[in-house]
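Presented below is the structure to which this report refers.
No lab work stands behind these numbers, since they all come straight from the coordinates. These figures come from a predicted structure and were not determined experimentally. Every residue, glycine as well, gets a Cβ built from its backbone with ideal geometry; the counts of neighbours run over all protein chains shown.
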Amino acid sequence: MKSEEISTENKKIIVIGGGPAGMMAAATAAKRGNKVLLIEKNKMLGKKMLITGKGRCNITSACEDVETLIANVPTNSSFLYSAFYTFTNYDTIELFNSLGVETKVERGERVFPVSDKSIDVVSAMERYIKQCGVQIVNDSAEEIIERGGKIQGVRLLKGGIMTCDSVILATGGLSYQRTGSTGDGYWWAEDLGHTIIEPKPSLVPLTVEEEWTSELMGLSLKNIEINVLNAKGKKIYTDFGEMMFAHFGISGPVILSASAHLRNMDNEKYTIVVDLKPALNEKQLDERIQRDFQKYINKNFRNCLKDLLPGRLIDVIVKLSGISPMKKVNSITRDERMRLVKLLKGLKLTVKDFCPIEQAIITSGGVCVKEIDPSTMQSKIVEGLYFAGEIIDVDAYTGGFNLQIAFSTGYLAGMSC
């Protein structure tokens, strides 16, 4: 685990936000001998962490190197080189292991606690910051006070004004607002002269034009492949895994990851093409269908697909195929059969929009990275102001990369302030 250099000065540092970035920043700053106050408006710390990874908390990625971390950040990735090299994904794993959280690696190099309980991760972080001497203040920050381009203190809702040498803003974005991510940090940063890149949802479910998706609400499809095409038909993203239908459209891991690649939604039109049988090419799938047709040779078309598709999907596929559901299998033509093959290999969904930002896992946008020193996370505008985590205009794909951004930027801010 990293050994923190002890500060020559005993500074007073205020961290606003008790999520992963804020807790990491607070603990790191306190271990260096500083007096650290962590301000969190929720009654508990790490509230958003509790729901990450479906309540299991995908701590980080076990990818081999920093370049792979960088490759999984579609927005301003180069800004994170210093942070990722200063505190790597393996530093994260080592830290949690040292705090008593045993970890395991799952598909896609995703790192989870062995217990599969996010509360174990949050509890370990809370113990860590207390062991480091961080004072936790349950209050809401009202204003960050600066004078002459230098941080002076923070005005609290209940506690008056608290003076300090530095402030680390780790207030998160706008996603999952019920956990406390309500955009407060954007307002303070803007008041202090920073540019805020418009916050937009990322890793978010998508609404689609096809109304039949509502008939499949709750149905999950595993081991499918998706290809995302832009208006010109150019493939911009491909993925393999699980997706889910909802009353509004589509969700699930591959859809959330795909959403991070969709830009300029107002001006661009995207199509998601789902391959329901990616393990088979068209010839192999046709042969498989012919075997099923032979097996159910005297049955109606809609009654011969139960070996091939989930029951709830059959009626939709039959309708989209244009083949009469009551047509006998032995009278289906080759052209009709090939139409079915192409449908199963290329089920098209027309993206209408992102779901609201409140449903997004993370926020894309935030404090402009050009106004932050990437080697320290300090503002280039206000001395003593630092940023960490989702408040910064960086975001990554699913797989533990966004939490790693929080840990790395939090560590770097805590080391630098």
Starting from the amide H of residue 75, placed 1.01 Å from N in the peptide plane, find each other amide H under 5 Å away whose residue is 5 or more places distant or on another chain.
395
In whole Hz, what ³J(HN,Hα) sequence does the range 18-27 give by Karplus (6.51, -1.76, 1.60; θ = phi - 60°), x for Gly and Pro?
x, x, x, 5, x, 5, 5, 4, 5, 4
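Just want the ordering: 85, 296, from fewest to most Cβ atoms lying within 10 Å of their own Cβ.
Values: 85 13, 296 18.
Fewest to most other Cβ atoms nearby, the residues stand as 85, 296.
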Leaving out same-chain residues fewer than 8 places away, which aspartates and glutamates sit with a Cα under 13 Å from that of residue 370?
393
Please work out, to two decimal places, the log10 of the ratio I(q)/I(0) at q = 0.06 Å⁻¹ from a Debye calculation in which every Cα of the chain carries one identical scatterer.
-0.30
For the pair residue 342 and residue 328, the simple spin-label estimate (label points 7 Å beyond Cα toward Cβ) gives in nm 2.8
In nm, to one decimal, how far is the residue 215 label point from the residue 299 one, both placed 7 Å along Cα→Cβ?
1.9
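Normalised by the number of residues in the chain, what is the relative contact order in percent for Cα pairs under 8 Å and 6+ residues apart?
Values: 951 pairs, mean separation 103.4, N = 417.
Answer for the chain is 25 percent.
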Distance between modelled label sites at residue 140 and residue 65, nm, 7 Å Cα→Cβ extension:
4.8
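At a Förster radius of 41 Å, what calculated FRET efficiency corresponds to the Cβ-Cβ distance of residue 368 and residue 319, to the nearest 0.05?
Details: r = 48 Å, r/R0 = 1.18.
So, using R0 = 41 Å, E works out to roughly 0.25.
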Summing -39500 (n - 2.57) over every DSSP H run of at least 4 in the chain, dividing by its residue total and rounding to the nearest 500, the 222 nm mean residue ellipticity is -8500 deg cm²/dmol
Debye log10 I(q)/I(0) for the range 230-344, one point scatterer per Cα, at q = 0.21 Å⁻¹:
-1.18
Just how far, in whole angstrom, is the range 244-260 from the range 313-341 if you go by their alpha carbon centroids?
27
Cut-off 14 Å (backbone N to label point 7 Å along Cα→Cβ of residue 107), residues of the range 205-227:
220-226
Taking Cα centroids, how far is the range 39-87 from the range 112-144 in Å?
15
Starting from the exponent 0.38 and prefactor 2.2 Å, build the expected Rg for the range 168-289 from its residue count and divide its actual Cα Rg by it.
1.35
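Hey, with R₀ at 35 Å, roughly what FRET efficiency would residue 81 and residue 232 work out to, going by the Cβ-Cβ distance, to 0.05?
Numbers: r = 33 Å, r/R0 = 0.93.
The computed FRET efficiency comes out at 0.60.
What FRET efficiency do you get for residue 43 and residue 155 if R0 is 30 Å and r is their Cβ-Cβ distance, rounded to the nearest 0.05? Present the calculation step by step, with values, prior to reporting the outcome.
Working: r = 21 Å, r/R0 = 0.70.
Once the sixth-power term is evaluated, E becomes 0.90.
May I ask you to compute the full-extension gain from residue 94 to residue 130, defined as 0.36 nm times their residue separation minus their alpha-carbon distance, rounded to one decimal in nm? Intermediate values should be presented prior to the final figure.
Values: separation 36, 0.36 × 36 = 12.96 nm, distance 1.87 nm.
That works out to 11.1 nm of additional length.
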Structure shown: which of 117/222; 319/352; 234/348; 47/117; 150/380; 48/150 lie over 20 Å apart, alpha-carbon to alpha-carbon?
117/222; 319/352; 48/150
